[in-house]
Every structure is written in structure tokens, then in C-alpha cells.
Amino acid sequence: MATGTDGFVQAVDGTPARILDTRKTAPGLRALDKYAVSAGGGSNHRLTLAAMVLLKENHITAAGGVSAAINAVWKGMADSGTSVPIDVEVQTVAQAREAMEAGAGWLMLDSMEVADIEEVIRMRAGRSGGSKILLEASGNVTLDRVRAIADAGVDLISIGALTHSAPALDLTMLITMDAAPCPR
């Protein structure tokens, strides 16, 4: 995991983008998975589910839209006296616009093409206070594609494959008789 993370970190070197893990960790091994990402130079998206609200597409659909979902979370936090960041998953430029207009401070641009990401970047730049909105690219992020995504101008790039698809390290230990035999 650390080695794979390092590959992504190196691929975006020189850009402001940071590489993040996702919630997709092995059961019972979350702390180790997240430590491995950190050891590889990446950052942890969130250490626990309580660290932030992540509004995914099912939440948005169930609430009746992006604005409705954001407003429901704010109401729930106000009613309970809590406050945590809200990361809103959007899949289109129109949803990104709606989330910004609803006052979202963190948008996850899910599986967007680079051209659409660039349009959202321009939209953020044209908004008063837009520089305070975090933009995170996620979904279908590969080593071949990550540099173009970073160059588009996102702040964060989250990659589930860092933890859920890390290959096993292939190690072997061979004993040779080239050295002097061990004394008995």
C-alpha cells in the first residue's frame, strides 16, 4: 500500500494536489491501511466515519437532490449541536454548481472527465469565496490518469485502490551454500 501510494504521490509531484485514501479499508485493519497510505506520502481522507459527513449519490437521491441533502445535513447538525465537514459527491457539472450554490465547502467530483473537472475549477474560480471550496477528484483514478487530473487544478485526489486493490508483496528467501557452513 505504501509503495503504491508513493507512485501516485510521485506522479502528482509539483502540483498542489494531495493524494488521499478512501473509506475502503480491510475490516479490522483500518488503522494499518491508513498508516500505510501515510507512510507512502499520502493523506487520510478521514480516520473514522464520524469525522465528516460524506453525502454520496444514494443520500442525494433519497433527499431529493443535492441542495436538499446538504440542507438536511445542516439541519441535523444544528439540531444535535454538532459540526463536522460535509463532503458532497457530485457526478456532473450541474450538480457541482448546485452544491456550490447551496454553500457546500467540499465537493467530490466523482468519475468526471478532465474537461468537466476543468469546468468545475473555472466555476469555483468565478465565485466569491470560491478559493475556500475544496475540490476532490475521485473514481476511475489510475496512475496513467492521475497527473492530468492534478494538472486540472483539484486540491485532493482520493483513490480507493490504494487500500482495496493493493497487490501483495512478493517476497522470497533463498538459502544458498555459497558461504561457509555454520559451525555445529
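The values are calculated or read from the model by the stated rules, or taken from the named source; none is laboratory data. Keep in mind it's a predicted model, so treat the numbers as computed, not measured. All Cβ positions, glycine included, derive from the backbone under ideal geometry; neighbour counts span all protein chains shown. These area figures cover heavy atoms from the full protein model, side chains too; ligands, DNA and RNA do not enter into them. Shrake-Rupley method; radii C 1.70, N 1.55, O 1.52, S 1.80 Å.
One residue is enough: does segment 79-99 have a residue meeting the conditions over 15 Å from the mean Cα position of the chain (by Cα) and of a type in the set (D, E)?
Yes, the conditions are met somewhere in segment 79-99.
Which residues, counting only those in segment 14-33, are open to solvent by less than 80 Å² (accessible area, probe 1.4 Å) and within 28 Å of A96 (Cβ to Cβ)?
G14, T15, A17, I19, L20, D21, T22, T25
Return the only residue of S131, S111 being over 21 Å from A50 (Cα atoms) and over 14 Å from the mean Cα position of the chain (by Cα).
The match here is S131.
Restricting attention to segment 138-154, which residues are open to solvent by less than 40 Å² (accessible area, probe 1.4 Å) and either in contact with a Gly (Cβ under 6 Å, 6 or more places away or on another chain) or not small (G, A, S) (or both)?
Within segment 138-154, V141, V146, I149, V154 qualify.
So which residues in segment 143-172 are free of Cβ contacts under 8 Å to residues at least 60 places away in the same chain and assigned to a helix (DSSP H, G or I)?
A148, A152
Could you identify the single residue in A11, A68, A36, A63 that is touching a Ser or Thr at 6+ places or on another chain (Cβ under 8 Å) and either more than 15 Å from S138 (Cβ to Cβ) or surrounded by 16 or more Cβ atoms within 10 Å (Cβ to Cβ) (or both)?
A36 is the lone residue from the list that is touching a Ser or Thr at 6+ places or on another chain (Cβ under 8 Å) and either more than 15 Å from S138 (Cβ to Cβ) or surrounded by 16 or more Cβ atoms within 10 Å (Cβ to Cβ) (or both).
Can you name every residue in segment 120-135 that is in a helix (DSSP H, G or I), open to solvent by 80 Å² or more (accessible area, probe 1.4 Å) and of a type outside the set (A, V, I, L, M)?
Across segment 120-135, the qualifying residues are R122, S131, K132.
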